[in-house]
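First up is the structure itself, then whatever we jot down about it.
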Amino acid sequence: MGLISLLGNVLNTARDAAVSEVQDQYIEVFKCDSLGQDVLVRKGAQRIVKGNNKGNTEVISDGSIILVPEGTALLLVDNGEVIDFTTKAGRYQWDSSSAPSLLADTNVLENAKKVVKDAWERMRAGGELTKQQRVYFVNLLEIRDQNFGTPKPIPYADPEYRNIYISMNGKFSFRIEDPVAFFKKVSSNIAGEYKVIDLMGKPVDMLQPRVEFLDHLTEVVNRCGGTDKIMFANLPTEKTRLRNYMREALDEDWLQARGIVVDEVAIAVITPDDKSRERIEQVDQSKMFGADPNALAAAAVLGQTEALNTAAGNSAGAATGLMGMGLVGGVGQMGATNAAFNYMGQQQQMQAQQAAAGAGAGVVAGAAVAGAAAGWTCPQCGKAGNTANFCGNCGTKKPEPAPAAGAWTCPQCGKADNTANFCGNCGTKKPVAAGPWTCPQCGKSDNTANFCGNCGTKKPE
């Protein structure tokens, strides 16, 4: 009975092996739709709409067809080993499988020998497969919208505000650069799909690669501040720099160890902590006051006004509050308040000096300045306050000022407003006015010209 049972098992095994071998003679066709933003690796599944291919899914017959879409890499795995791959889209044929097929090509006799040998191997293994072939599709697209956020403020060496602490959040993207390294070291020989969440986890439940990203982000942003002297508020505009720095920082951890790279880094919000914000406001205020002393004076006066109001409402009495202000003022001689009042005092002193210099020029000059400040009145239309050379209402020209008392006209050059003994233009001496003379012909006694005004007789020498 034992011999008959053994013989029956052998015959059944031979039959199963033969049937399995025949079923695996069909050539498979593998296709893959876009893997999108969620799937990184997917095992290829044979697609048969017509025909009776009931062969084992772990056997890919020699000569099978594989269609590779754009943005996808193809990996051929035979008995656990990656035997070939491509990153170029197109139609490919498996011609190195360890599973022979009668339909692989037109050389039927040679293929039949290989098929018989393969069936014998299956029969020796009790009908079980002694080989495994798989097709894997790897996503080469940019995997976007990976959120990140610093769990607590990180130090930043800002070139303007020195050492401050900032919190930031944003998004980054990554891409599989080396599909073979990613398959061998990350996903391996999966039965179905390997997804993004399997690699990165979630922002609230981070896996190691996402933790490594945040760890190196602190290093990178401080390189931007300490080395490149970028103000923290300008970091959102440095996407290219951040990406390149993150690639350099994560090269060993990501590219060499996992076959992936950072594609883009975008910072959405940067928020200083409370102490850093106070320092930033103080520095900005100091810069403003240093550039504009008037703003400093105004701020000091406003501060004194507020202090006076506070002192007036002091429960211990206004005198106590004012005395406290005096003490503070006495101690803080180098403070902003005294600096402002010193500045105002200097301005008042300069104005007083200018006024004294103006008064020394004489009453006439002072009156002229006052008149210039008040403007002139148009003799034509009566408009007062004109300061230009023509009336702003009717266009009448500004009247010439009346000559000063005792002014004389130079007989040499014609300058008419001389008041000294010599002409201010050419230096001619002021002529001596001759007294009246009496005409020897007609007796007229009030002549002042060179000829008698009555009879025309020439003035005697």
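Here, each number is a calculation from the coordinates, and none is a lab measurement. All of these numbers come straight from a predicted model, not from anything done at the bench. Glycine also receives a Cβ, built like all others from the backbone with ideal geometry; neighbour counts cover every protein chain displayed.
Counting Lys and Arg as +1 and Asp and Glu as -1, what is the net charge of the other residues whose Cβ lies under 11 Å from the Cβ of V221?
On the way: positive: R223, R241; negative: D158, E219, D228, E238.
The answer is -2.
With 10 angstrom as the radius, rank S167, S445, S64 by how many other C-beta atoms surround their C-beta, starting from the fewest. Walk me through the numbers before you get to the answer.
Details: S167 16, S445 9, S64 25.
With the fewest neighbours first, S167, S445, S64 line up as S445, S167, S64.
List Y194, Y156, Y92 from most exposed to least, where exposure is judged by having the fewest other Cβ atoms within 10 Å.
Least crowded to most crowded, the residues run Y92, Y194, Y156.
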